[in-house]
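All remarks here apply to the structure that follows.
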Amino acid sequence: MKKYLLKRFLISIFSLWAIFTFVSLLIRIIPGDPVIMMLGEGAPPANVKKLRRELGLDKPFYIQYLNDLNGLLHGNLKKSWITGKDNLRTILNRYPATITLAFFSMIFAILISFPLGILGGLKKDTLWEKGATFISVMGISIPHFALGPLLILFFSILIPIFPVSGMGGFSHIVLPAITLGSGLSAYLTKMIKKSIQNELEKPYVLCAYAKGLSKFEVIKNHVFKNSMIPVITLMGLQFGVLLSGAIITETIFSWPGIGRLLIRAIESRDYPLAQATILAISFTYIFVTAVVDVIYTILDPRIKFYE
Amino acid sequence: MNKKFFQKLRKEKIALFSFIILSFYILIALFANYITPYNPYEMNLSQRLKGPSLSHPFGFDELGRDELSRIIMGTRISISIGLLVVVITFIMGITVGGICAYLGGIFDEILMRATDVLLAMPGILLAIAIVSFLGTGIFNLIFALTVMGWISYARLIRGEVLKIKNQDYVLAAKISGSKTFKIFFRHILRNSIDPAIVQGVLNLGGVIISEASLSFLGLGISPPTPSWGNMLSMARVHLFDAPHLIIFPSIILATLIFSVHFLGEFLEEMFIHR
């Protein structure tokens, strides 16, 4: 177990380092001169020179890279070249909005998927199962960028219940949470259904019936608990996916989170801020994935420790 | 196999339905140039944002272009990018993944660590990162989707190859003096490729969504070339005055993804759990 945790930790560190390297290289793949790209053609040479020095692009690449790495280890993600603000602070300011959105999407997904998945799993080959499958496929089929505007159309414009966009009271979060949570609820429903069906076929269920337990007890005490292990793992892993899915949802609903920050940074060619945001999202994702992996091994000690 | 496929397909209503829809869309994509009722680029500002009518069943967009024609052209672009990316990533994934797994040792280790790192970036963030720095355009878009896409095939084929690479018939081929690569392509790949094919069909939906997402964010296909993503992005601005611009592309996109998904599940049932 200790050995596994150590290995998991090392792999995470390696991934963090690799992502950092990748993000540092991004500035190199810009076709042409990044400084000219940012300032536009025909910018005064003095400005170009100044920005180049500010971004550290006048030094050789390996020096820039080592400087950035050093900065990262000291919690310094450079400054936005447009606003001049500290990138880390900007990102931390935006983070709560994204976390809130991801959290409520998760709640929405749980509310939809648990009843559907459990019913579908227990009543195999019935209309319930078909219904669960159908709804979960619908959730997968309608992507965020189509569902979001459709929800706005029906529930903000035709029947004005919820606000069109922005962040404010609880009513503001309903449509974004549904948009972002729809895909997740589809995956969860499918997973819960499959997991319960798998467990029901195992011999211990027969044994529990043979002991004289009622159907309710068998399902509540045995089947349900065991079938939740993969479901919880999926929920954890998908929480990280929600953070990235938020990029589109936040754009649709003008939700002031980290995803919209990224798109804004890209649109205004604020490359340092874009790099910092990509780093921040990836780091969160790696962190969440690692935590989920560890929890999984604690929940189910039988799993094989990393190949 | 083909005969069996169609026999089974006829029994599964949803899969049959999906197969028909997908074929229909592919036909539209193939013959898009011939079947668009109007020129998808021709602007007619006096008609802008007008709703559906008999001569223009899907209405007009924000520049007075015929929406139906634009959706048809968009179908061609989305499906061709989808198919192209799936084919490239499929070939790349099974070759790299399969060979690394077959050679084993350090090659396998490198493959696993490399894919670990690529998978450490969530969802389409990797593609967004690449396209936003490399610049938009069809070529960059395909490149970004490819970097992300080959991993699933590589991992899948790796598992299969590890399962069969030590089986007796492989050993027999080795003993009888076959070359490593011949053994790989002739004996191992053929017996481990089925799950990857199913994955390919399922991925088609994912790639089309990714392409549309990037175009929606303004990072994929740029206007005036129509793509479902950038059409929906434009339509968002006109939700109040032209809801048809959001409804029609959404329905088309959803039905396509829907049918790809069900067809994929059907193939999975048929090839993997047989």
> With (1) at pLDDT 85 or above; (2) in contact with an Asp or Glu (Cβ under 9 Å, 6 or more places away or on another chain); (3) of a type in the set (Ser, Thr, Tyr) as the list, and residue A:233 as the residue in question, which single condition is left unmet?
Replying inline: (1)
> Residue check, residue A:107 against (1) more than 18 Å from the chain's Cα centre (by Cα); (2) surrounded by fewer than 17 Cβ atoms within 10 Å (Cβ to Cβ); (3) more than 14 Å from chain B (Cβ to nearest Cβ), all met but one. Which one?
Replying inline: (1)
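Evaluate region A:133-156: report whether one residue or more is away from chain B (no Cβ under 14 Å) and more than 21 Å from the chain's Cα centre (by Cα). Please lay out each step first, then the result.
Step one: of region A:133-156, the residues away from chain B (no Cβ under 14 Å) are none.
For region A:133-156, residues away from chain B (no Cβ under 14 Å) and more than 21 Å from the chain's Cα centre (by Cα): absent.
Of the residues that sit in region B:236-252 and are part of a helix (DSSP H, G or I) and more than 7 Å from every other protein chain (Cβ to nearest Cβ), which one is nearest to residue A:251 (Cα to Cα)? Talk me through it step by step, then tell me what you get.
Of region B:236-252, the ones part of a helix (DSSP H, G or I) are B:236-237, B:244-252.
Subset that is more than 7 Å from every other protein chain (Cβ to nearest Cβ): B:237, B:244-245, B:247-249, B:251-252.
On the way: B:237: 12, B:244: 21, B:245: 18, B:247: 19, B:248: 21, B:249: 19, B:251: 21, B:252: 22 Å.
Among residues in region B:236-252 that are part of a helix (DSSP H, G or I) and more than 7 Å from every other protein chain (Cβ to nearest Cβ), the one nearest to residue A:251 (Cα to Cα) is B:237.
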> What are the residues in region A:173-215 that are more than 23 Å from residue A:135 (Cα to Cα) and either crowded, with 19+ Cβ neighbours inside 10 Å or in contact with a helix residue (DSSP H, G or I) (Cβ under 7 Å, 6 or more places away or on another chain) (or both), if any?
Replying inline: A:204, A:205, A:208, A:209
> Would a scan of region A:287-307 turn up a residue that is assigned to a helix (DSSP H, G or I) and surrounded by 23 or more Cβ atoms within 10 Å (Cβ to Cβ)?
Replying inline: no
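Of all residues in region A:216-240, which are of a type outside the set (Phe, Trp, Tyr) and within 14 Å of chain B (Cβ to nearest Cβ)?
To start, the set of residues in region A:216-240 that are of a type outside the set (Phe, Trp, Tyr) comprises A:217-223, A:225-238, A:240.
Hits for region A:216-240 are A:236, A:237, A:238, A:240.
On the given criteria, is residue B:233 under 26 Å from residue A:267 (Cα atoms), of a type in the set (S, T, N, Q) and within 9 Å of chain A (Cβ to nearest Cβ)?
yes
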>> Consider region A:100-116. How many of its residues are in contact (Cβ under 8 Å) with a residue 12 or more places away in the chain and more than 15 Å from residue A:139 (Cβ to Cβ)?
In response: 5
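In the set B:208, B:197, which member is away from chain A (no Cβ under 14 Å), modelled with pLDDT of 85 or more and within 18 Å of the chain's Cα centre (by Cα)?
Values: B:208 fails: away from chain A (no Cβ under 14 Å).
Step by step, each of B:208, B:197 is checked, and only B:197 is away from chain A (no Cβ under 14 Å), modelled with pLDDT of 85 or more and within 18 Å of the chain's Cα centre (by Cα).
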> Of the conditions (1) under 24 Å from the mean Cα position of the chain (by Cα); (2) crowded, with 18+ Cβ neighbours inside 10 Å; (3) of a type outside the set (Lys, Arg), residue A:81 fails just one. Which one is it?
Replying inline: (1)
>> under 15 Å from the mean Cα position of the chain (by Cα), surrounded by 23 or more Cβ atoms within 10 Å (Cβ to Cβ) and either modelled with pLDDT under 85 or under 16 Å from residue B:85 (Cβ atoms) (or both): which single residue out of B:144, B:120, B:154 fits that description?
In response: B:144
> Any idea which of (1) more than 9 Å from chain A (Cβ to nearest Cβ); (2) free of Cβ contacts under 8 Å to residues at least 60 places away in the same chain is the one residue B:135 doesn't satisfy?
Replying inline: (1)
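How many residues are among the polar types (S, T, N, Q) and in contact with a strand residue (DSSP E or B) (Cβ under 8 Å, 6 or more places away or on another chain) if we restrict to region A:81-100? Walk me through how you get there before you give the answer.
Our first condition is that a residue be among the polar types (S, T, N, Q); within region A:81-100, this holds for A:83, A:87, A:90, A:93, A:98, A:100.
Add one more test, that the residue is in contact with a strand residue (DSSP E or B) (Cβ under 8 Å, 6 or more places away or on another chain), and what stays is A:87.
Qualifying residue count, region A:81-100: 1.
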>> Of the conditions (1) assigned to a helix (DSSP H, G or I); (2) within 11 Å of another protein chain (Cβ to nearest Cβ), residue B:182 satisfies every one except a single condition; which number is it?
In response: (2)
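Could you check how many residues of region A:241-263 are of a type in the set (Gly, Ala, Ser), more than 9 Å from every other protein chain (Cβ to nearest Cβ) and buried (at least 24 other Cβ atoms within 10 Å of the Cβ)? If you could, list the steps in order and put the result at the bottom.
Restricting attention to region A:241-263, the residues satisfying the condition of being of a type in the set (Gly, Ala, Ser) are A:244-246, A:254, A:257, A:259.
This time we only want the ones that are more than 9 Å from every other protein chain (Cβ to nearest Cβ), so: A:246, A:254, A:257, A:259.
Within this subset, residues satisfying the condition of being buried (at least 24 other Cβ atoms within 10 Å of the Cβ) are A:246, A:257, A:259.
Number of matching residues: 3.
Answer yes or no as to whether residue A:148 is surrounded by fewer than 17 Cβ atoms within 10 Å (Cβ to Cβ) and of a type outside the set (Phe, Trp, Tyr). Explain how you work it out, then say what you get.
Numbers: surrounded by fewer than 17 Cβ atoms within 10 Å (Cβ to Cβ): no; of a type outside the set (Phe, Trp, Tyr): yes.
For residue A:148, the condition - surrounded by fewer than 17 Cβ atoms within 10 Å (Cβ to Cβ) and of a type outside the set (Phe, Trp, Tyr) - is not met.
Considering only region A:251-277, how many residues are under 22 Å from residue A:86 (Cα atoms), more than 12 Å from the chain's Cα centre (by Cα) and either assigned to a helix (DSSP H, G or I) or basic (Lys, Arg) (or both)? Steps first, answer last, please.
Our first condition is that a residue be under 22 Å from residue A:86 (Cα atoms); within region A:251-277, this holds for A:255-277.
Those left that are additionally more than 12 Å from the chain's Cα centre (by Cα): A:255-257, A:260-277.
Subset that is either assigned to a helix (DSSP H, G or I) or basic (Lys, Arg) (or both): A:260-267, A:269, A:271-277.
Total satisfying the criteria: 16.
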> Limited to region B:226-270, what total is found for residues that are surrounded by fewer than 19 Cβ atoms within 10 Å (Cβ to Cβ) and more than 27 Å from residue A:158 (Cβ to Cβ)?
Replying inline: 3
>> Take residues that are within 14 Å of chain B (Cβ to nearest Cβ), at negative phi and modelled with pLDDT of 80 or more and tell me which of the helices (runs of 4 or more DSSP H) falling wholly in region A:1-100 contain 1 or more.
In response: A:2-29
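This table checks each residue for (1) in contact with a Gly (Cβ under 6 Å, 6 or more places away or on another chain); (2) over 15 Å from residue A:55 (Cα atoms); (3) without any contact (Cβ under 8 Å) to a residue 24 or more places away in the chain.
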| site | (1), (2), (3) |
| --- | --- |
| A:2 | no, yes, yes |
| A:6 | no, yes, yes |
| A:9 | no, yes, no |
| A:15 | no, yes, no |
| A:18 | no, yes, yes |
| A:21 | no, yes, no |
| A:27 | no, no, no |
| A:33 | no, no, yes |
| A:38 | no, no, no |
>> For region B:47-69, check the following and say yes or no: at least one residue is farther than 24 Å from residue B:240 by Cβ and at pLDDT below 80.
In response: yes
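The values are calculated or read from the model by the stated rules, or taken from the named source; none is laboratory data. Quick caveat, the model's predicted, so the values are computed rather than measured. FYI the Cβ positions are ideal-geometry reconstructions off the backbone, even for glycines, and counts take in every protein chain you see.
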